[in-house]
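Single-structure report; data block below.
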Amino acid sequence: TTAGTVNDVYDLITSNSLYIIKAVTIPIHHKRIILPGAKLQNIRTVISHPQALAQCSGYIRKMGWNKIPVDNTAFAAQKMVELGDPTYCAIASGEAGGINNLTVLNDDVCDFKHNQTRFVAVGRSFSLDKKATRISIYFRTAHQSGSLAYVLNVFAERGLNMTKIQSRPVGDTPWEYGFWVDIEASQKDENVYLALYQLSKELPFLQLLGWYEDLISPGEVNG
């Protein structure tokens, strides 16, 4: 919600013929992880996943720290142990710091109080849950004026609420884009089926990525 989409996820799902089978949105609270005995005023470099670095970018900029991106926040804590350098800090969860016997500074350093991340579970086959409330699709439009507006109008005319739209480059066709769209979709709403059928007949490419339950977690995740 604060640093935008992890674009690799879109590319991996669409290119590997995967389906979303469940989604959950979780509050995220990032902690600073330092070596035992290290002093915050001596920190010069921070290690974390690019999303975590982006979600805490204002704080990092204020501190004047250099940034080193790594594959995930848990690995950032492990890297701290390997380096053994008291001028390095990791941004990660308190759990990751505790497991690695590091010192966890408990203040949340996210730039925004209501920082949240949406996670999805994926599978090889399409699965429709009885509690499904959201559809994700990926489509490409004709390369002509008004083609995207036409698709959006299909949703609007059928009273369907689009909750997200994300453009992604079409790798083998320079300067053309595909679109990932999420729609609120009850299985009892006939307009959902009619819209999908209409678009499947009129678009050059349409891929159904999932019809699934989208949960909001009441709990918190630290990092």
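The values are calculated or read from the model by the stated rules, or taken from the named source; none is laboratory data. All figures in this text were calculated on a predicted structure; none of them were measured in a lab. Glycine also receives a Cβ, built like all others from the backbone with ideal geometry; neighbour counts cover every protein chain displayed. Quick note on the areas: whole protein, heavy atoms, side chains included, nothing else; ligands and nucleic acids left out. Shrake-Rupley method; radii C 1.70, N 1.55, O 1.52, S 1.80 Å.
Name the residue, out of 214, 172, 189, that is modelled with pLDDT under 95, more than 23 Å from residue 18 (Cα to Cα) and either out of contact with any strand residue (DSSP E or B) (no Cβ under 9 Å at 6 or more places or on another chain) or crowded, with 16+ Cβ neighbours inside 10 Å (or both).
Details: 214 fails: more than 23 Å from residue 18 (Cα to Cα); 172 fails: more than 23 Å from residue 18 (Cα to Cα).
Sole residue among the options that is modelled with pLDDT under 95, more than 23 Å from residue 18 (Cα to Cα) and either out of contact with any strand residue (DSSP E or B) (no Cβ under 9 Å at 6 or more places or on another chain) or crowded, with 16+ Cβ neighbours inside 10 Å (or both): 189.
Here is a list: 155, 179. Which entry is without any contact (Cβ under 8 Å) to a residue 60 or more places away in the chain and assigned to a strand (DSSP E or B)? If you could, list the steps in order and put the result at the bottom.
Values: 155 fails: assigned to a strand (DSSP E or B).
Testing whether each residue is without any contact (Cβ under 8 Å) to a residue 60 or more places away in the chain and assigned to a strand (DSSP E or B) leaves just 179.
Kindly evaluate residue 96 against the criterion of being assigned to a helix (DSSP H, G or I) and under 27 Å from residue 23 (Cα atoms).
On the way: assigned to a helix (DSSP H, G or I): yes; under 27 Å from residue 23 (Cα atoms): yes.
Yes: the conditions hold for residue 96.
Considering only the range 25-36, I want to know if a residue exists there that is open to solvent by 60 Å² or more (accessible area, probe 1.4 Å), more than 30 Å from residue 123 (Cα to Cα), in a helix (DSSP H, G or I) and out of contact with any Gly (no Cβ under 6 Å at 6 or more places or on another chain).
no
Tell me whether the range 128-147 contains one or more residues that are charged (D, E, K, R), closer than 25 Å to residue 26 by Cα and in a strand (DSSP E or B). Checking the range 128-147: at least one residue is charged (D, E, K, R), closer than 25 Å to residue 26 by Cα and in a strand (DSSP E or B). In the range 200-207, is there at least one residue being closer than 19 Å to residue 122 by Cα, touching a helix residue (DSSP H, G or I) at 6+ places or on another chain (Cβ under 8 Å) and assigned to a strand (DSSP E or B)? Yes, the range 200-207 contains at least one residue that is closer than 19 Å to residue 122 by Cα, touching a helix residue (DSSP H, G or I) at 6+ places or on another chain (Cβ under 8 Å) and assigned to a strand (DSSP E or B). The set of residues in the range 84-99 that are without any contact (Cβ under 8 Å) to a residue 60 or more places away in the chain and either open to solvent by less than 60 Å² (accessible area, probe 1.4 Å) or touching an Asp or Glu at 6+ places or on another chain (Cβ under 8 Å) (or both) comprises 84, 85, 87, 88, 89, 90, 98.
Looking for something open to solvent by 20 Å² or more (accessible area, probe 1.4 Å), assigned to a helix (DSSP H, G or I) and either in contact with a strand residue (DSSP E or B) (Cβ under 7 Å, 6 or more places away or on another chain) or of a type outside the set (Val, Ile, Thr) (or both) - is there at least one such residue anywhere in the range 65-73? Yes: one or more hits.
Considering every residue within the range 8-17, establish whether at least one is closer than 23 Å to residue 76 by Cβ, open to solvent by less than 20 Å² (accessible area, probe 1.4 Å) and either assigned to a loop (DSSP other than H, G, I, E, B) or modelled with pLDDT under 90 (or both).
Filtering the range 8-17 for residues closer than 23 Å to residue 76 by Cβ gives 8-9, 12.
Keeping just the survivors that are open to solvent by less than 20 Å² (accessible area, probe 1.4 Å) gives none.
No: zero hits.
Checking each residue in the range 112-154 for being touching a Pro at 6+ places or on another chain (Cβ under 8 Å) and open to solvent by 90 Å² or more (accessible area, probe 1.4 Å) picks out only 114.
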